[in-house]
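Colleague: Encoded as structure tokens, here's the structure I'll be asking about.
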Amino acid sequence: MAKSLPGLSLLTLLTVASGQILTAAAALGQSEPEVLDAPTTQATTAKASISPLASAPLSQPTTTVTDWIAQIEASLVQITNVRLEATEAGLRVILETADGELTAPTTTVSGNALIVEIPNAVLTGEAFEQFEPAGGIALVRVTELPGDRVQVAITGTDTVPAVEVNVAATALTLTAVPGIAQTDEGDEALQIVVTGEEGSRYYQPSATTATRTDTPLRDIPQSIQVIPQEVLEDQQVLRLNDALRNVSGVVTSINSPRSQGFLVRGFSGASILRDGFRIIFGGDGNLGSAELSNLETIEVLKGPTSILSGAVQPGGVINLVSEQPLSEPAYDVGVRLGNRLLIEPSLDLTGPLTADGQLSYRLNALVRREDYFRDFDEAITRSFISPVLRWDISDRTDLTIRLEYTDERRPDDNGLVALGNSVANIPFDRNLGEPGDFAESEILRVGYDFEHRFSDNWRVRNGFRYTDSNVFTFGAFTGFGPLNETTGDLNRIFRLLDQRSDTYELQTNIVGDFNTGTIAHRVLLGLDLFRRDSSELFLTDPFPAPINIFAPVYGATPNTLFLVDDRDTRQEGLGIYLQDQVALAENLRLLLGIRYESVQQETTINPNAFNPNTSTSRQDDEAFTPRVGIVYRPIEPVSLYASYAESFIPNRAADAQGVPLEPERGQQFEVGVRAELLGGRLVANLALFDLTKQNVATPDPNNLLAQIAIGEQRSQGIELDIAGEILPGWNIIANYAYTSAEITESNDINSPVGNRLAGAPEHNFNLWTTYSIQSGSLEGLGFGLGFNYVGERLGDNANSFRLDDYFLTNAAISYERDNWQAALNFRNLFNVNYIEASAGTGRFFNIYPGEGFTVIGSFSIEF
């Protein structure tokens, strides 16, 4: 293979040049000069040193540049073929050479990938790539790098694989196994043992949410951000709203006792998934506060995702990825303590159940108790347990059974109220309900994941989830108002709300890899079935129980509760989708997909205190939603992408005849660039987007009780996310978002064209960075510092009141030694008063302040 002079490795030039100098010196009869040993390189956790780079053989001195270049080219070893061989434990990657022995490689770690770099080598053919070639191995990629280098990247599914390197005369063999490998050291073998803790703790190189396949982020033509477990641990995150500060363009919209809600790219109602299954359907449901203690990562895919997620809002989806059982025993016991009498003992146990390792388990459990940060008598208590059982039926078939149970009790908090054009100027911890108001939630989820691999290229996957949710709330409700803005008197009514639901979801898909000529395809064909049966009882005391927001007097009690709403709802969905990930060239990828979705909803209104009749309404909607994207890598670490995607979700409103309105539709155009920096330890993603939601319900000018679907909302912006390791021990996660979200079509005089969407800040910035001392007597001592800034927001779509911007400071100090670690985290260090969320549902409720100064101490030990 011809090579021009600029493409030659500097080290190769110096090596050959030194050979020429030594040969010339000998020819002149001079004494042989003293030569320093060639520098050696060593793998991050190698058990044996890597041999020095091989020097070019000495030859007669060259007399021309052409001869010099020819001699250098002759010193390069050509890799003529790459092939894979399955082993009982994993996989062999064999690099065959035409003639000559490859130099022992150097290694680095990037997320779950072990990067093996071979100097003084070239590929005679095209780059090699194979997805999921063996259990526990997600990807093998062999590419040629500038400077006469060849790179082999072996990416593990759950953690960095262990690799043994053997160099022979005609081939270099990499024997990879998932997890930790133990082999005998020898003169010919290099043992590289890497655990999942090495490399970049804050950067995950792949995700499943965007494609339902384990695809490298650099090959996804849409913005997706991954929050690793290490970030959650370093920040001592208890709740999802705190975790999502690590992603640009995501802010909390609701933080009620019954659920948490989030705006993504300016649009509310972002759906939340657990391992790809919807916890909520169509932006609604009784999620409660999702438990994070058993999570591996949180993946946030921005923009329309209906191609795989079905009927969801266009802003994006949030996927909570659970921990899996491990093949090696690991036991972690911990406790958290905090300044509001927080106490949280927890455990995380995993390992094999049988000697052959075919059965393995994982068990996460905790109990949490803490005082609420606002003036309620009711504390927050939670119990959580999640056992998982994995059965490796054969080397091609596995089954995972999982269960989650959460039982929580907390205050029934309706938040604050707006007064004039801002939130009422009262203490933010003031309770406008009654001290004993409470909410209870009990959620059970069970299900399984099954996979069978017909071959290395074809597999079928089937998964099922059942969720039983029960939420009960009782308290003095402020949502109906009104508020006398002169006197401060606020009307309340006592309410009892009992919500129950049973949700069933089945997912089946087939994944296949094949080629058409020189073009590689990864095809995903799937079927989703969904059903949710829910009931709601709403009882109120029609007699008001007023309170003065400036000088509250508590002690009101209800008289008689009347049933005012009793309804049963069944939602059913069917989705069929086809997706093709096309490798047009080694550096050019195309993503094509389309989904057909059919959704039915039937609602029965049962007799209540004010209506003795029963009525039933039915809504049927269907839609095709496409997605197309392209990724181009001009150089290995940089990906340029562009995409178009659509969303679909049924409309809850109805026209004058009671017929449901047309479904809301969303469309997004996005372009971006993703770069892996510092050898893959740090990743940056810059995205520009234009997102529109149509068929938004607005008032019918001819019927005050009806609505029409002519509204349109649009969000445009730019987002920047950075995550990874700057230097050994120095990690960072930072993001910035500029979002312009406004109403673009409307006939509503209260929400006219040009108004900003409720709760969406124009500017949002977050930073978190940690440093851990790597050596010496203080090794293991770490420090963390972070900032959160959220710009000014509007409290509702009428833009009738504003929420001030806020800036929070967070810090941490930690110490890790041997098998234990301790940490002290400080949130809102300067005790700033701020409004974290406004759902945009009115001026009298769902306006939630954020927590004040918070201290969380933690201690954990591993066995």
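Colleague: Roughly what angle does helix 65-75 make with the longest principal axis of the chain, taking Cα atoms, 0 to 90 degrees, to the nearest 10?
Modeller: Helix 65-75 sits at roughly 70 degrees to that axis.
Colleague: Among Gly791, Ala723, Leu829, whose Cα projects farthest towards the positive end of the dipole of the range 709-863, with charges put on the beta-carbon of Lys, Arg (+1) and Asp, Glu (-1)?
Modeller: Leu829
Colleague: Residues of the range 640-707: accessible area per residue at 1.4 Å, in Å²? Walk me through the numbers on the way to the answer.
Modeller: On the way: 3040 Å² over 68 residues.
Result: 45 Å² of accessible area for each residue.
Colleague: On a 1.4 Å probe surface of the protein chains, which of Arg500, Arg714 comes out largest in accessible area, and what is the full order?
Modeller: Arg500, Arg714
Colleague: Label-point separation (nm) for Glu745 and Asp371, each offset 7 Å from Cα along Cα-to-Cβ?
Modeller: 5.4
Colleague: What is the percent carbon and sulfur in the accessible area of the chain, measuring with a 1.4 Å probe over the protein chains and ignoring ligands?
Modeller: C and S atoms contribute 57 percent here.
Colleague: Rounding to the nearest 20 debye, state how big the charge dipole of the range 544-615 is about its Cα centre with +1 on each Lys and Arg Cβ and -1 on each Asp and Glu Cβ.
Modeller: 160
Colleague: Separate question: Keeping every protein chain in place, order Trp458, Trp820, Trp768 by accessible area at 1.4 Å, biggest value first, i.e. largest first.
Modeller: Trp458, Trp820, Trp768
Colleague: On average, how much accessible surface per residue is there in the range 474-541, in Å², for a 1.4 Å probe, leaving out ligands, DNA and RNA?
Modeller: On a per-residue basis, 40 Å².
Colleague: Please sort by residue number the trypsin sites (Lys or Arg not before Pro) in the range 766-863 whose DSSP state is loop and whose Cβ has at most 16 other Cβ atoms within 10 Å.
Modeller: none
Colleague: Where does the chain land at 222 nm, in deg cm²/dmol rounded to the nearest 500, when only DSSP H runs of n ≥ 4 count, each adding -39500 (n - 2.57), divided by all residues?
Modeller: -1500 deg cm²/dmol
Colleague: Additional query: Place a +1 charge on the Cβ of each Lys and Arg in the range 486-527 and a -1 charge on the Cβ of each Asp and Glu, then give the dipole magnitude about the Cα centre in debye, rounded to the nearest 20.
Modeller: 80
Colleague: Given a Förster distance of 25 Å, report the FRET efficiency between Gln358 and Asp456 from their Cβ-Cβ distance, rounded to the nearest 0.05. Please list the in-between numbers first.
Modeller: On the way: r = 21 Å, r/R0 = 0.84.
Rounded to the nearest 0.05, the efficiency is 0.75.
Colleague: Hey, another quick one. Can you compute 3J(HN,Hα) from phi for each residue in the range 590-607, using the Karplus curve 6.51 cos²θ - 1.76 cosθ + 1.60 with θ = phi - 60°, rounded to whole Hz and x for Gly and Pro?
Modeller: 10, 10, 10, x, 8, 9, 9, 10, 10, 10, 10, 9, 10, 10, 10, 8, 8, x
Colleague: Mind listing the phi-derived Karplus ³J(HN,Hα) values for the range 573-585, rounded to whole Hz, using 6.51, -1.76 and 1.60 with θ = phi - 60°, and x for any glycine or proline?
Modeller: x, 10, x, 10, 9, 9, 9, 10, 9, 10, 9, 5, 8
Colleague: Quote the accessible area belonging to Tyr834 in square angstrom, nearest 10, computed with a 1.4 Å probe and with ligands, DNA and RNA left uncounted.
Modeller: The value for Tyr834 is about 20 Å².
Colleague: Here is a follow-up. Along the positive direction of the dipole of the range 417-554 (beta-carbon charges: Lys, Arg +1; Asp, Glu -1; about the Cα centre), which of Ile426, Ile547, Gly447 reaches farthest?
Modeller: Toward the positive end, the furthest listed residue is Gly447.
Colleague: Rank Leu781, Leu640, Thr80 by how far each Cα sits towards the positive end of the charge dipole of the chain (+1 on Lys, Arg Cβ; -1 on Asp, Glu Cβ) and give me just the farthest.
Modeller: Leu640
Colleague: Hey, got the dipole for the chain? About the Cα centre, +1 on K and R Cβ, -1 on D and E Cβ, debye to the nearest 20?
Modeller: On the way: 59 positive and 111 negative charges, 273 e Å.
Using Cβ point charges on Lys, Arg, Asp and Glu, the chain gives about 1320 debye.
Colleague: Taking the chain as the reference, fit the longest principal axis to its C-alpha atoms, fit the long axis of helix 10-27 to the helix C-alpha atoms, and give the angle between the two in degrees, 0 to 90, nearest 10.
Modeller: Approximately 10 degrees, to the nearest 10.
The values are calculated or read from the model by the stated rules, or taken from the named source; none is laboratory data. Note that the structure is predicted; figures quoted are calculated from it, not measured. Cβ coordinates were reconstructed from backbone atoms using ideal geometry, including for glycine residues, and neighbour counts include every protein chain displayed. When the accessible area is computed, the model is the full protein with side chains, heavy atoms only, and any ligands, DNA or RNA have been set aside. Shrake-Rupley method; radii C 1.70, N 1.55, O 1.52, S 1.80 Å.
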